[in-house]
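Visitor: If you scroll down you'll find the structure; I have some questions about it.
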Amino acid sequence: LAAGGNETEFSQQEDAIDVEFKNLLDEFKTKRSELNELSKQEKESNFLSKKNLILQLEKMVDDLDNLENINQSILAVRKIQQEWKNIGPVAPEKSKDLFRNYQLNIEKFYDFIKINNEFRDYDLKKNLEIKTALCEQAEKLSSVEDILSAFRELQTLHNEWKETGPVAKELREEIWERFKQASAIVNKKHQVFFDQKKDQEELHLQQKNLICEELEK
């Protein structure tokens with residue numbers, strides 16, 4: 001006004017530093033918005049990936065009774081667990097239910113494995129009891145005077161052995177060796193019995209041939 005200017009035409013000149021700050025702030029907001037959008041898409045992708053892993057788990061859990069190879073199934077679940085860890089975060093509002101569902105299926109699977117292992121341990125124990133009893137019966141056959149009867153009984157014991165399931169791996173060779181040794185004693189006596197019988201039959205043949213020759217004369 002002192003210089004003769006019009007008040008209505010007055011406009012304050014912006015400071016250069018203020019302009020630079022405003023431009024940088026706008027650029028920051030734009031990049032942050034783009035980053036947030038990218039993060040949102042990434043979290044949605046992570047959500048879908050984790051959901052797919054849960055579907056795989058659910059399928060395995062639903063088909064537990066038909067598992068043919070438990071060891072392979074355990075490896076498959078461990079692979080799923082590792083993939084789950086490798087996948088990044090999901091949106092907070094979806095994370096809780098997603099993890100609860102995942103954890104539930106993991107627990108179901110390992111509960112089944114635990115029960116199965118306990119059953120297998122029980123089964124191995126029962127098989128050991130049966131095979132120990134078969135060993136004891138085979139060992140008693142060595143004192144049976146009727147060799148043929150003992151041999152036939154041994155064949156029955158061998159059939160029962162074959163139909164009985166496995167024992168613990170560390171005991172398999174020991175229990176089989178015991179049964180085999182007991183069987184060898186009976187088999188040897190049976191072989192001796194037949195060798196003697198064969199010798200007797202040969203002697204009888206010679207004697208009857210002599211009788212035939214006497215009759216012919």
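The values are calculated or read from the model by the stated rules, or taken from the named source; none is laboratory data. Every value quoted in this text rests on a predicted model; they were computed, and no experiment measured them. Virtual Cβ from ideal backbone geometry, glycine too; neighbours counted across all protein chains shown. The area values use the complete protein model at the heavy-atom level, side chains included, leaving out ligands, DNA and RNA. Shrake-Rupley method; radii C 1.70, N 1.55, O 1.52, S 1.80 Å.
Visitor: Within region 76-97, which residues are assigned to a helix (DSSP H, G or I) and surrounded by 11 or more Cβ atoms within 10 Å (Cβ to Cβ)?
Guide: Matches in region 76-97: Ala76, Val77, Lys79, Ile80, Gln81, Glu83, Trp84, Lys94, Ser95.
Visitor: If you don't mind, another one. Look at Phe151 and say whether it is in contact with a His (Cβ under 8 Å, 6 or more places away or on another chain) and buried (at least 16 other Cβ atoms within 10 Å of the Cβ).
Guide: Yes, satisfied.
Visitor: I'm trying to understand the selection: among the residues of region 58-74, which are surrounded by 11 or more Cβ atoms within 10 Å (Cβ to Cβ) and out of contact with any Ser or Thr (no Cβ under 9 Å at 6 or more places or on another chain)?
Guide: Within region 58-74, Glu58, Val61, Asp62, Ile70, Ser73, Ile74 qualify.
Visitor: Are any of the residues in region 115-122 in a helix (DSSP H, G or I), open to solvent by less than 70 Å² (accessible area, probe 1.4 Å) and either aromatic (Phe, Trp, Tyr) or at pLDDT 90 or above (or both)?
Guide: For region 115-122, residues in a helix (DSSP H, G or I), open to solvent by less than 70 Å² (accessible area, probe 1.4 Å) and either aromatic (Phe, Trp, Tyr) or at pLDDT 90 or above (or both): absent.
Visitor: Anything in region 138-148 that is open to solvent by 80 Å² or more (accessible area, probe 1.4 Å) and either among the hydroxyl-bearing types (Ser, Thr, Tyr) or assigned to a helix (DSSP H, G or I) (or both)? List them, or say none.
Guide: The answer is Lys140, Ser143.
Visitor: Further, regarding this structure: What number of residues in region 1-26 are in a loop (DSSP other than H, G, I, E, B), open to solvent by less than 90 Å² (accessible area, probe 1.4 Å) and among the hydrophobic types (A, V, I, L, M, F, W, C)?
Guide: Going through region 1-26 one residue at a time, the tally reaches 0.
Visitor: Would you tally the residues in region 173-213 being open to solvent by 100 Å² or more (accessible area, probe 1.4 Å) and basic (Lys, Arg)?
Guide: Count: 3.
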